[in-house]
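Here is the structure we will look at.
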Amino acid sequence: MTPIRVLIADDQVMVRQGFTVLLDAEPGIEVVGQAVDGLDAVAKVDGLAPDVVLMDIRMPGLGGIEATRRIAESAGSSVKVLVLTTFDLDEYVYEALRAGASGFLLKDASAAELAQAVRVVAAGDALLAPNITKRLITEFSRMSGPRPPLRERVQGLTERETEVLSLVAQGLSNAEIAHRLVVAEQTVKTHVSRILVKLGLRDRTQATVFAYESGIVRPSAY
């Protein structure tokens with residue numbers, strides 16, 4: 001089985017080395033490089049073709065959020081970005097996810113949690129640290145309302161796809177959605193794949209952001 005290729009981007013050498021040691025000790029994961037800042041990370045993504053980038057938020061020069069945005073917007077880029085930070089602040093959660101991050105994890109996570117996070121985002125699933133979902137919902141609740149351009153994109157979804165997107169945004173797994181809708185799990189997977197293609201989204205995390213920003217899901221529902 002091909003190992004998950006990981007690039008670690010952090011301006012602190014001790015952090016980079018520490019994460020490298022932790023992840024290299026995990027089966028099925030290989031650290032292929034380290035980047036000292038955002039610009040270095042963007043450049044090394046092109047050269048090393050990692051599957052997952054562990055991206056620090058605060059770095060000199062080009063920060064982690066802008067670096068994430070550039071990686072996410074790269075033509076044909078399938079790289080997943082897992083944002084790591086010591087700052088559990090609402091604006092960072094919101095902006096990192098909007099920039100294209102597939103997950104968000106605090107730096108005090110255990111080695112097992114870190115490795116599991118890498119595997120989750122590499123598989124294309126959403127990954128939010130405990131309490132992050134609640135903070136994200138709170139941030140969306142401050143918004144004035146749905147963004148019209150996004151509402152227009154929703155019109156391309158079928159009624160069932162819109163329903164599935166709403167459930168994805170509420171944090172339900174494919175199995176849970178299948179149970180709720182009384183359909184096969186494979187059917188849900190097919191719906192999710194079509195939703196991502198139709199809306200031009202990268203993964204379930206981006207689908208969640210889209211669902212809130214377009215007004216499909218309202219924070220008041222929680």
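The values are calculated or read from the model by the stated rules, or taken from the named source; none is laboratory data. This structure is a prediction, so every number in the text was calculated from the model and none was measured. Here the Cβ positions follow ideal geometry from the backbone for every residue, glycine too, while neighbour counts run over all protein chains shown.
Quick notes
- Taking the criterion of being exposed (fewer than 15 other Cβ atoms within 10 Å of the Cβ) and either of a type in the set (Lys, Arg) or free of Cβ contacts under 8 Å to residues at least 24 places away in the same chain (or both), the only residue of segment 161-175 that qualifies is 175.
- Scanning segment 187-204 for residues that are at positive phi and either part of a helix (DSSP H, G or I) or among the hydroxyl-bearing types (Ser, Thr, Tyr) (or both) gives no hits.
- Selection within segment 1-33 - more than 15 Å from residue 114 (Cβ to Cβ) and modelled with pLDDT of 95 or more: 5, 32, 33
- Residue 151 meets each of the listed conditions (1) at pLDDT 80 or above; (2) surrounded by fewer than 19 Cβ atoms within 10 Å (Cβ to Cβ) apart from (1).
- Residue in segment 34-52 that is farther than 21 Å from residue 119 by Cβ and touching a Pro at 6+ places or on another chain (Cβ under 7 Å) present: yes
- Residue within segment 94-102 that is at pLDDT 85 or above, over 20 Å from the mean Cα position of the chain (by Cα) and not assigned by TED's automatic domain parsing to the domain that holds residue 199 present: no
- Number of the exception - residue 182 against (1) of a type outside the set (Gly, Ala, Ser); (2) modelled with pLDDT under 80; (3) on the phi > 0 side of the Ramachandran plot: (2)
- Within segment 22-62, restricting attention to residues that are small (Gly, Ala, Ser) and surrounded by fewer than 17 Cβ atoms within 10 Å (Cβ to Cβ), the residue that is nearest to the chain's Cα centre (by Cα) is 49.
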